[in-house]
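To keep things clear, I will list the structure first and then write my remarks on it.
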Amino acid sequence: MHSFSYKNQSLHCEQVNLADIATSTGTPVFVYSKETIASDVAEFKSAMAPLDCHIAYAIKASSNKAIINLMAKQGLGFDIVSAGELWRVINAGGDPALCTFAGVGKTEKEIRYALEQGIYAFNCESLAELRAIDSIAGDMGLIAPVAVRVNPHVDAHTHKYITTGTNENKFGVDITRIEETYATIAAEMPNLHIRGLQMHIGSQLTEIAPFVKAVEKVLPIVKKFQQLYNIEFWSLGGGIGIVYKDCLASGQPEWWAANPDHITIQGYADAIIPLLAPLGIKIIIEPGRRLVGNAAVMLTTCLYEKKGEAKLFKMIDAGMNDIIRPALYEGYHEFCPVKQNSDPLVTADLVGPVCESGDFQAEQREVADVKPGDILAEMSAGAYGFSMSSTYNSRPLAAEVLVDGDQWHIIRRRQCMEEIVTGECLPGEA
Ligand code: LLP
């Protein structure tokens, strides 16, 4: 469910007409709904309530200060993957003691910073990394809390670039090696405190079955580690998928009634809680996409249209630098005109201004026959949208807006040219 819908044929976010935002800020602009985020958080909390469950928002999905602050105010922790993300959490009012630090390539500088800030746990991905953390912690006279990410070999049935839990992926320690890895930590790394176990099988999972399979597979290991190492948490990672194709319709309860097979937070919880409850262990979940994905749209203006020999192109002012998902993962985002009309749809490619053939947001799509000056909303843009954007082609980073009821606030102003070149200098000037 989300808070985007047509009112008087104008697309609104909560009570705000998106056309008003576009007129005021210009486009492209990302518009987030506070109400949608709050209701997603509440849904996770209530569905997981039977467990001692902590939610660690994966901030890579959307790391704007205002979004992190919203999550922090609701008591959430954070799944971070760099010192930069930890810095953002602290800067936005989040608690480092609720942060778990994942990622296969943590540098010494990052490890030191995280230790200084007192994070909850490092989720480690290799023996070499564990040894590095042990040595740095020893040097600092500290004991580092760690968990190891186990790679359970479960196919998540998602795009190959966002599958992480098979032995073809760079992530985690293979399930066949996990017990010896923990034994090695216990025997050889005096500056580490084994705090938990972590896993994450992939992102944008639309089925519950792979989650259940992974939990079932890792469960005996968790039981063993509870006894051997007294581990206090098991992190299941993130991965719950959102609605991309029917995003607008999925704002209404009827859509969910008609699509009972689509993964829901409650369905996920109902499937795993019976397996987890008997363990009496703290469960951490790390949702990113599911907390913010359907909570934002990106507004873009149609600039031109061109009837090519084979195709109709609509040029829009948002490029692959603004949302890279279609180019990188064949990602599908629905497009809705901000001003609704009843004209017949056309089949077109929606392409951006970036000088790359891969710079499209939709290919051969039935879309509203928008004309230059018309505004479109690219739906489901809240996760891995702005956070993956870049200044490629020297295009400024887009603006971001947070809607709250009938109010809206800029949470990132559009970048200016001086900001794009900040830090650059001629040889000898540094
Ligand atoms: N935990 C770990 C260890 C992760 O690696 C990730 C995502 C998450 C949690 C959050 O997963 P989520 O709940 O958002 O599925 N850029 C890609 C997605 C990359 C996901 C990377 N890891 C996309 O746009 O589809």
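The values are calculated or read from the model by the stated rules, or taken from the named source; none is laboratory data. Quantities reported herein were computed from a predicted structural model and do not represent experimental measurements. Note that we place each Cβ from the backbone using ideal geometry, even for glycine, and neighbour counts take in every protein chain shown.
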Only unsatisfied item for Ala257, checking (1) small (Gly, Ala, Ser); (2) in contact with a strand residue (DSSP E or B) (Cβ under 8 Å, 6 or more places away or on another chain); (3) surrounded by fewer than 16 Cβ atoms within 10 Å (Cβ to Cβ), is (2)
Listed residues Met417, Met388, Met315; which is under 30 Å from Thr158 (Cα atoms) and either over 24 Å from the mean Cα position of the chain (by Cα) or of a type in the set (D, E, K, R) (or both)? Met315
Give Gly75, Gly26, Gly93, Gly84 a once-over and let me know the one that is within 16 Å of the ligand (Cβ to nearest atom) and either surrounded by 21 or more Cβ atoms within 10 Å (Cβ to Cβ) or not assigned by TED's automatic domain parsing to the domain that holds Gly319 (or both). Gly84
Subset of the range 244-263 (residues that are within 14 Å of the ligand (Cβ to nearest atom) and in contact with a helix residue (DSSP H, G or I) (Cβ under 7 Å, 6 or more places away or on another chain)): none
Any residue in the range 383-397 that is closer than 20 Å to Glu85 by Cβ, more than 16 Å from the ligand (Cβ to nearest atom) and touching a strand residue (DSSP E or B) at 6+ places or on another chain (Cβ under 9 Å)? yes
Right, Ser342: under 26 Å from Tyr161 (Cα atoms) and either out of contact with any strand residue (DSSP E or B) (no Cβ under 7 Å at 6 or more places or on another chain) or part of a strand (DSSP E or B) (or both) or not? no
Here, strands (runs of 3 or more DSSP E) confined to the range 263-334 with at least 3 residues that are closer than 24 Å to Asp374 by Cβ and free of Cβ contacts under 8 Å to residues at least 40 places away in the same chain are 312-316
Among the residues of the range 141-153, is any surrounded by fewer than 17 Cβ atoms within 10 Å (Cβ to Cβ) and touching a residue at least 40 places away in the same chain (Cβ under 8 Å)? yes
Of all residues in the range 393-430, how many are over 23 Å from Ala19 (Cα atoms), touching a helix residue (DSSP H, G or I) at 6+ places or on another chain (Cβ under 9 Å) and surrounded by 13 or more Cβ atoms within 10 Å (Cβ to Cβ)? 1
